[in-house]
Amino acid sequence: MAHQIGDVNFYPTYKKLIKNQWESYEELKEEQEKQIRYNGYHELAHLHPNYFTPNPAVLDELGLGKDDTFIILRFVSWTASHDIGQHGIRDMTALVRELERYGQVFITSEGRLDGGLAKYQIKVAPEKMHDLLYYASLYAGEGATMASEAAVLGTPSIYVSSLVGTMGNFIELEQKYGLVFNYSDSDKTMNKAVELIQEPDLKKEWKKKREKLLEDKIDVTAFMVWFVENYPESFREMKENPKIQCKFG
């Protein structure tokens, strides 16, 4: 999705895909003189290690230890305009029942949880969610933002939605970095989740993948600050030499 500052649009840079689900290639061509592209993800603006340090105190609130296995599930309401007609996890209860065989399950949900699922709802302040996500053994859910946040934090992430395949950042996170698995099928989601949660040293493997991503991407916040503070000269510099952003790597 475009991030606009003044009359300049920012689009994430994907080596294999620059088209997003809202705009056609022709539309991008028409607007390209007003665009610059940065090599990073929106989530890195707040979760880059230069700015985010996980606080383990959130584990104490939930009676967890750093070595405990726990899974975070995210369910969305499917009422947003871009979600109309889409779907994700077909049987929430079955997924919870299967995963709790391997670790403690916590749910974050946009809608009300019915029946026996309410007891799994996370009871921590929203601002502590990223801390919890960092320490989680696995994330699986319908929430795209949380799926990408888990990935850049080095937590194994499964994104399940009929929208899979329409967003370039998820394609790159899966195909280039192996940080995310994307599925539109609930059964495949469950099978992959069970497979991952049983892997030894899973988090250590994902930490290495995260380090590779951080090596490749720029510090988005530092870049944005430089761009705004030096606009419009910064816009001209980026148009003439896009590699100038590498100094924020």
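What length, rounded to one decimal in nm, is gained on full extension from residue 57 through to residue 195, with 0.36 nm per residue of separation minus their alpha-carbon distance?
Details: separation 138, 0.36 × 138 = 49.68 nm, distance 2.89 nm.
Working it through step by step, the gained length comes to 46.8 nm.
Using r as the Cβ-Cβ distance of residue 90 and residue 34, and R0 as 41 Å, what FRET efficiency do you calculate, to the nearest 0.05?
Efficiency, rounded to the nearest 0.05: 0.45.
Take the Cα pairs of segment 57-212, get the Kirkwood Rh, then feed it into Stokes-Einstein at 4 °C and 1.567 mPa s and tell me D in µm²/s.
83 µm²/s
Choose one of 118, 72, 152: the residue whose Cα lies farthest towards the positive end of the charge dipole of segment 57-212 (beta-carbon charges +1 Lys, Arg; -1 Asp, Glu; about the Cα centre).
152
Along the Cα→Cβ direction, 7 angstrom out, place labels at residue 123 and residue 187. What is the inter-label distance in nm?
3.7 nm
Hey, got the dipole for segment 57-212? About the Cα centre, +1 on K and R Cβ, -1 on D and E Cβ, debye to the nearest 20?
So the magnitude is around 200 debye.
Can you list residues whose amide H is under 5 Å from residue 90's amide H, if they're 5+ apart or on another chain and H is modeled 1.01 Å from N?
HN-HN under 5 Å from residue 90: 186.
At a Förster distance of 45 Å, what's the computed FRET efficiency of residue 66 paired with residue 237, Cβ-Cβ distance as r, to 0.05? Please list the in-between numbers first.
On the way: r = 44 Å, r/R0 = 0.98.
With a Förster radius of 45 Å, E is 0.55.
Bear in mind that the values in this text are calculations on the coordinates, not laboratory data. All figures in this text were calculated on a predicted structure; none of them were measured in a lab. For neighbour counting, all protein chains shown are included, and Cβ atoms are generated from backbone atoms with ideal geometry for every residue, glycine included.
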